[in-house]
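Here the structure is laid out as structure tokens; the discussion comes afterwards.
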Amino acid sequence: MQQLDRFDRDLIAATQGGLPLVARPYEAVGAMLGVSGEQVRQRLQAMQRSGLIRRIGAVPNHYRLGYTANGMSVWDVDDEQVSALGRQVAALPGVSHCYRRPRHLPDWPYNLFAMLHGTGREAVEQQAGEVAALLGAACRGHDILYSTAILKKTGLRIKD
């Protein structure tokens with residue numbers, strides 16, 4: 001396991017709650033740490049390449065953006081086609097994330113999951129119709145599991 005130096009720890013601490021919501025976030029982080037924005041970018045990329053961090057991503061608040069219906073659509077897709085079709089589903093505009101999971105038969109036949117967001121359930125169901133059309137005959141069944149609570153999503157937090 002790679003050891004964190006002081007700069008790495010400071011950089012993680014400065015970014016673990018999210019990047020500043022400004023036009024040039026890396027420069028803002030750099031100003032806090034006394035380095036350039038380019039140094040921040042380069043170090044984060046190096047940390048990603050080495051596996052120290054997995055990703056840098058945006059986590060939008062769908063509710064504040066007006067998307068109040070959120071449904072995890074679950075699909076029973078032919079195993080021979082699920083990987084290729086899953087990539088196509090993931091590229092659809094209403095899908096925020098999509099992944100394959102093992103089935104748990106006989107109770108859970110679904111092996112493809114795609115999170116759909118809409119301004120209402122009707123919009124989510126319309127998107128699910130688009131997914132169903134894309135999957136075609138490879139899909140043997142599906143369901144939509146709607147969110148009932150907002151869960152706070154956070155990544156790793158380090159303390160000094």
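Nothing in this text is a laboratory measurement; each read-out follows from the coordinates by a stated rule. Keep in mind the model is a prediction, meaning the values are calculated, not measured. Reconstructed Cβ throughout: ideal geometry from the backbone, glycine too, with neighbour counts over all protein chains shown.
A few comments on the model shown:
- Shape analysis of the range 69-146 places it in the prolate category; the axes a ≥ b ≥ c from the Cα gyration tensor give an a/c of at least 1.5, with a/b above b/c.
- Its residues counted as N, the range 1-115 yields a C-alpha radius of gyration over 2.2 N^0.38 Å of 1.45.
- Karplus-derived 3J(HN,Hα) values for the range 81-92, using 6.51 cos²θ - 1.76 cosθ + 1.60 with θ = phi - 60°, are 10, 4, 5, 5, 5, x, 4, 5, 5, 4, 7, 5 Hz; glycine and proline are entered as x.
- Largest mean-square fluctuation among G57, G66, G94, in a Gaussian network model of the chain whose springs join Cα atoms under 10 Å apart, belongs to G57.
- Computed from the Cβ-Cβ distance with R0 of 35 Å, the FRET efficiency linking Q81 to Y146 stands at 0.85.
- Residue exposure sequence - I56, I144 - by fewest surrounding Cβ within 10 Å: I56, I144
- Cβ-derived FRET efficiency at R0 25 Å, E122 paired with R64, nearest 0.05: 0.75
- Entry note, the chain: relative contact order of 25 percent, from Cα contacts under 8 Å with a spacing of 6+ residues.
- Per-residue [θ]222 nm for the chain (sum of -39500 (n - 2.57) over DSSP H runs n ≥ 4, rounded to 500): -11000 deg cm²/dmol
- Listed from fewest to most Cβ neighbours within 10 Å, the set L4, L44, L65, L112 follows the order L65, L4, L44, L112.
- Sorted ascending by nearby beta carbons within 10 Å, beginning with the fewest, T119, T68, T15 become T119, T68, T15.
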